[in-house]
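Asker: Questions regarding the structure given below will be posed in turn.
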Amino acid sequence: MKHKILFFLLVSLQCLAQNSTYPTASVDSIIKRIQLPKIPSYKIVITKLGAKGDSISNAKPAFDKAMALCKKNNGGTIIVPKGVYTLNGPIHFVSNVKLHLEDGAKIRFGSNPKDYPIVLTSWEGTMLYNYSPLIYGNNVENIAITGNGIIDGEAKNTWIKWKPLEAKGKELSREMNHKNTPIKERIFGEGHYLRPQLIQFINSKNILLENVQIEDSPFWCVHLLKSKSITLRGLKYKSYNNNNDGIDPEYSSDILIENILFDNADDNVAIKSGRDDEGRSNSATPSENIVIRNCQFKGLHAIVIGSEMSAGVRNVYVENSTFRGDLKRGIFLKTNSDRGGYIKNIFFNNLAFGKVEDCIYITANYHGEGGGLHSSKISDISFSNISCVEATKTGIVIEGYPNKKVSNIKLDNINILSAKNGLTITNSENVTTNEIVIGEKATTPTAAK
C-alpha cells in the first residue's frame, strides 16, 4: 500500500506538463511586477549597540537605537549575530531596512502587554486600534527580514491564555464594523484580550521575508494588510497556538509565496479582504494577483480563501505544491451571507495532498452564519491535476447559496485514492468535470440541483 501511494503521488506531480490551460502568462506577469526591496549599504551589528544574546537581558533599546540609526542613514541592514535576544516590546520598522538574523540567532519577545503600544491594526477583518504586533510597520517601503535565524513570539507565557477571554472584545469589534463606527473610536487593548499578530505590515510595499523560522505566535503569524509588492520565500514554521495562520494577505496585491515549509495549528495560507460592512465599503480593495507555489503544507487547512473576504478575492494561482503532514482540508473556499463580495478567477494546479477530511471544499454557508442579505458570488474556479491519498469525509464539496449559486467550476484530472463520500454539489451551476477518479472507479457526476 505504501508503495502504491508513493507511486500515485509521483504520477500526480508529473501532471503539470499535461495542462495547457493553466494561465502561466498571468503568473509571469504578476511576478514581473513585484519589486524586491532596495536596501542602502549602511550596516549595524546589534551587539555593538549593547544587545546581549544571553536570552535574559532586554535587547529592545539596542534594536530601537539600530532602527533610529538606519532612519538617520536613509536605511540599512541590522545584523543579529548568533545568540538569543529578548525584546520586551515590539520592533517597529522604518523604510529601507533589512533585519538579518545570522545562523544561530533567535529573537524572542516578552509577553507583558504593557510593553506593546496601541497602534492601527486589524483583527479578524475589522480595522481598529489594538496592541502592536510584535514586528510592525505602517506606511513603510523596502523592508526585508532575512537569514536562517528564528523569530519566537513566546506566546505560551501570556498571550495564548487570552483565547478563552476574547469573545466580548471580538463581538464589540464586529458591532463597530456593522455600525460603521469611525476607526479612530475603535480603541481596544487592555481589558479586551485581542491577541496581536507576530508580524504585520500595513499600507506598505516592496516587502521581502526570506528563510527565517517562525515560532509560537500570539495570533496570526504573518499578516499583510493593505500592502503590495510582497515576496515570501523559504520561510519555516513551527507555530502551534490557536489561530496561528501562517500567512494572511488582506486587502493586498502582487504577492509571491514560494518554497515555504508550513507547520501550523491553523491555516497555512488564508487570503482575506475584510469583514462585512467594512469590507463592502467603497474604499475597500480586493486581495488579488497572488501566486503560491512550490510549498509544503502541514496544519489545519493548506489553502483558504475567506471567510473574511467582503471586498473580494480574485486572480489567485496555486501550483506545484504538496503536503508534509496531516491537514483537515486541502483547499477551502468559505464565505456566508453576511460577507458579500466575491471569489473569482482562482486557479489550483498540480497539488498533492495526503490524508485529509475533505480534499476540496467550497461553501457559501460557512458556520451557517449570515442573515441572507449579503450572499457572496463564487465563480470561475479551476482545479486541475489535484491528488489526494485519502478523504475521511468527502472528496469534493461544492455548496452554493440558494439565491447566488456557485458557478463556472472546472474539475480536471482529480485523483483521490479513497474517500468515505465522493462528490457533493448543491446550489451550483455550470460545474464541468473531466477525469475525476475517486477510489478505483472513474466518475463524471452532474450537479444535483
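The values are calculated or read from the model by the stated rules, or taken from the named source; none is laboratory data. Please read all numbers here as calculations on a predicted model, not as lab measurements. Cβ: placed from backbone, ideal geometry, glycine included. Neighbour counts: every protein chain shown.
Asker: Regarding the range 287-305, can at least one residue be identified that is of a type in the set (Asp, Glu) and either in contact with a helix residue (DSSP H, G or I) (Cβ under 6 Å, 6 or more places away or on another chain) or surrounded by 24 or more Cβ atoms within 10 Å (Cβ to Cβ) (or both)?
Answerer: no
Asker: Which members of the range 139-159 meet the condition of being within 12 Å of LEU36 (Cα to Cα) and not hydrophobic (A, V, I, L, M, F, W, C)?
Answerer: GLU141, ASN142
Asker: Further, regarding this structure: Would you be able to tell me the number of residues in the range 189-211 that are over 16 Å from the mean Cα position of the chain (by Cα) and of a type outside the set (D, E, K, R)?
Answerer: Result for the range 189-211: 9.
Asker: If we only count strands (runs of 3 or more DSSP E) wholly inside the range 403-449, which ones have 1 or more residues that are modelled with pLDDT of 95 or more?
Answerer: 406-426, 428-438
Asker: Additional query: Name the single residue that is farthest from PRO218 (Cα to Cα) among those in the range 60-111 being of a type in the set (A, V, I, L, M) and not in a strand (DSSP E or B).
Answerer: Across the range 60-111, the extreme among qualifying residues is LEU69.
Asker: On to the next question. Report, by residue number, each residue of the range 273-283 that is under 19 Å from the mean Cα position of the chain (by Cα) and either in a loop (DSSP other than H, G, I, E, B) or not assigned by TED's automatic domain parsing to the domain that holds GLY341 (or both).
Answerer: SER273, GLY274, ARG275
Asker: Kindly indicate which of SER29, SER55 is in the same structural domain as ILE207 (by TED's automatic domain parsing) and modelled with pLDDT of 95 or more.
Answerer: SER55
Asker: Hey, LYS38 hits all of (1) outside any loop (DSSP other than H, G, I, E, B); (2) farther than 14 Å from ILE135 by Cα; (3) modelled with pLDDT of 95 or more but one; which does it fall short on?
Answerer: Checking LYS38 against (1) outside any loop (DSSP other than H, G, I, E, B); (2) farther than 14 Å from ILE135 by Cα; (3) modelled with pLDDT of 95 or more, the one that fails is (1).
Asker: Restricting to the range 353-374, count the residues that are in a loop (DSSP other than H, G, I, E, B) and either without any contact (Cβ under 8 Å) to a residue 12 or more places away in the chain or buried (at least 24 other Cβ atoms within 10 Å of the Cβ) (or both).
Answerer: Of the residues in that region, 1 qualify.
Asker: Output the number of residues of the range 30-54 satisfying the condition of being surrounded by 12 or more Cβ atoms within 10 Å (Cβ to Cβ), without any contact (Cβ under 8 Å) to a residue 60 or more places away in the chain and either farther than 27 Å from ALA105 by Cβ or hydroxyl-bearing (Ser, Thr, Tyr) (or both).
Answerer: Of the residues in that region, 2 qualify.
Asker: Need pairs with beta-carbon distance below 8 Å; first residue within 15 Å of ALA311 (Cβ to Cβ) and within the range 335-352, second among the β-branched types (Val, Ile, Thr) and assigned to a loop (DSSP other than H, G, I, E, B); sequence gap 6+ or separate chains.
Answerer: GLY341/THR335; ILE343/THR335
Asker: While we're on this one: Just to be sure I understand, how many residues within the range 97-126 are aliphatic (A, V, I, L, M), surrounded by 23 or more Cβ atoms within 10 Å (Cβ to Cβ) and over 17 Å from ILE207 (Cβ atoms)?
Answerer: So the count comes out to 1.
Asker: Follow-up question, since we're still on this one. Can you say whether VAL97 is touching a Cys at 6+ places or on another chain (Cβ under 7 Å) and under 30 Å from ARG233 (Cβ atoms), as far as the supplied structure shows?
Answerer: Yes.
Asker: When you look at LYS82, is it more than 30 Å from SER283 (Cβ to Cβ) and either among the aliphatic types (A, V, I, L, M) or more than 27 Å from the chain's Cα centre (by Cα) (or both), yes or no?
Answerer: yes
Asker: Quick check: is even one residue across the range 390-397 assigned to a strand (DSSP E or B), closer than 17 Å to SER321 by Cβ and either at pLDDT below 95 or among the β-branched types (Val, Ile, Thr) (or both)?
Answerer: Among the residues of the range 390-397, not one is assigned to a strand (DSSP E or B), closer than 17 Å to SER321 by Cβ and either at pLDDT below 95 or among the β-branched types (Val, Ile, Thr) (or both), which makes the answer no.
Asker: Still on this structure: What residue, among those in the range 309-337 that are in contact with a Ser or Thr (Cβ under 7 Å, 6 or more places away or on another chain) and not in a strand (DSSP E or B), is farthest from LEU225 (Cα to Cα)?
Answerer: SER337
Asker: Out of the range 161-211, which residues are more than 30 Å from LYS98 (Cα to Cα) and in a loop (DSSP other than H, G, I, E, B)?
Answerer: GLU166, LYS179, ASN180, THR181, PRO182, ARG186, PHE188, GLU190, GLY191, HIS192, TYR193 - these are the residues of the range 161-211 that are more than 30 Å from LYS98 (Cα to Cα) and in a loop (DSSP other than H, G, I, E, B).
Asker: Could you run through the range 375-403 and say how many residues are farther than 20 Å from CYS359 by Cβ and crowded, with 18+ Cβ neighbours inside 10 Å?
Answerer: 5
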